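The values are calculated or read from the model by the stated rules, or taken from the named source; none is laboratory data. Predicted model only: the values in this text are computed from it and were never measured. FYI the Cβ positions are ideal-geometry reconstructions off the backbone, even for glycines, and counts take in every protein chain you see.
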Amino acid sequence: MSTIRAGNTTTTGLTYTSDTTGQLNLEAQNGIINMQTSTGGMIIPSGTTAQRPTTPIAGTTRLNNTTGNMEVYLGSSWIVVASPTYNIDYLVVAGGGGGAGPEGGGGGAGGLLQASNVPITPGTIHTITIGAAGTGNTNPGGNGGNSIFGAIATAIGGGGGGSVNTNNAQSGGSGGGGGRTSTITCVGGSGTTGQGFAGGTSPTVSGYPSSGGGGAGAPGGAGVGTNPGGTGGSGGIGVQSSISGTATYYAGGGGGGGGNNNGNPTNGAGGLGGGGAGGLAAGSATGAVAGATNTGGGGGGGGQGNFGSNGGSGIAIIRYQGAQRATGGTVTSSGGYTIHTFTSSGTFTA
């Protein structure tokens, strides 16, 4: 066994060579380099992912400064050496449903999922899918797309609003609102437990109002009123979160379209959290409003003879305490957290 000490030039029993690449090769005669009597530590090479050796050999070990992980080359690829997990918080919102039109219910908000202190393993790769907005001005309105955070969370797209005199409001993360009715009770679509609420149901009352789509925080409102006129139901309120560093509402339902044009109909308000307001009758300056982009808000339903509008696309936000150690999305910091925001699909590498 050989011993190397700082300042000691004696290397009995140990051979070492170097080559033109700067690689230093050490070999102990008995195959063991023993540092067990040391109370300090061994400093290994470190560098970014781009600075990895171009021709590594199996067993090459280094600290990756890009990911913050120890890694070893196993002959065909680099793998992360087992390291402790760390905790993340996340918010995942699906795309909002489209408002039906003409004379349709508001779109349901995209499903909303959030959690805190979720353990995640460094180096793991998670595919992020951001749900698209549901299409408006169809009967019924189109459902929003699901937003997916790998195998961790799947938020369900919002349900499209229902059409006139038909029980076809769509279910989803939150349900679409029932359409304008004169002959039957138009039932709102159902929400997904833990993600959102049902759309409003339109009763058979004169005035023919449509109902609002459900939100992540409350059901959609029912249309009300008497002929002439009528008031569209409001979209359900969304849920407030400060995960981005700013208190923001997400996933509000779309408002229902106003009632009969032979009077003074009132359009339904969009739910707080990106829900679009419903529209009034054709010829009015008040058209249905689309759900806000990257909120998961539902689209407003169309008024009598007028168009419904699209829902809003979804979003995913992931944060953890301390300096950046993961990659993916738009990276910001606030309040001691590193925040990764995905407004389009991508990859989160923990």
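A few points about this structure:
- Note on the stretch 170-200: residues that are modelled with pLDDT of 95 or more and in contact with a strand residue (DSSP E or B) (Cβ under 7 Å, 6 or more places away or on another chain) amount to 4.
- Among residues of the stretch 135-162, those that are of a type in the set (Val, Ile, Thr) and either outside the structural domain of Gly123 (by TED's automatic domain parsing) or surrounded by 22 or more Cβ atoms within 10 Å (Cβ to Cβ) (or both), counted: 1
- Considering the stretch 296-350, the qualifying strands (runs of 3 or more DSSP E), each wholly inside and each with 1 or more residues that are surrounded by fewer than 16 Cβ atoms within 10 Å (Cβ to Cβ), run over 315-321, 330-334, 346-349.
- Residues of the stretch 207-221 satisfying the condition of being out of contact with any Lys or Arg (no Cβ under 8 Å at 6 or more places or on another chain) and at pLDDT below 95: Gly207
- Residues of the stretch 192-211 satisfying the condition of being more than 15 Å from Pro140 (Cβ to Cβ) and either out of contact with any Pro (no Cβ under 8 Å at 6 or more places or on another chain) or acidic (Asp, Glu) (or both): Thr192, Thr193, Gly194, Gln195, Gly196, Pro203, Thr204, Val205, Ser206, Tyr208
- Within the stretch 78-100, at least one residue is surrounded by fewer than 24 Cβ atoms within 10 Å (Cβ to Cβ), part of a loop (DSSP other than H, G, I, E, B) and in contact (Cβ under 8 Å) with a residue 40 or more places away in the chain.
- Residues of the stretch 219-251 satisfying the condition of being buried (at least 22 other Cβ atoms within 10 Å of the Cβ) and on the phi > 0 side of the Ramachandran plot: Gly230, Ala251
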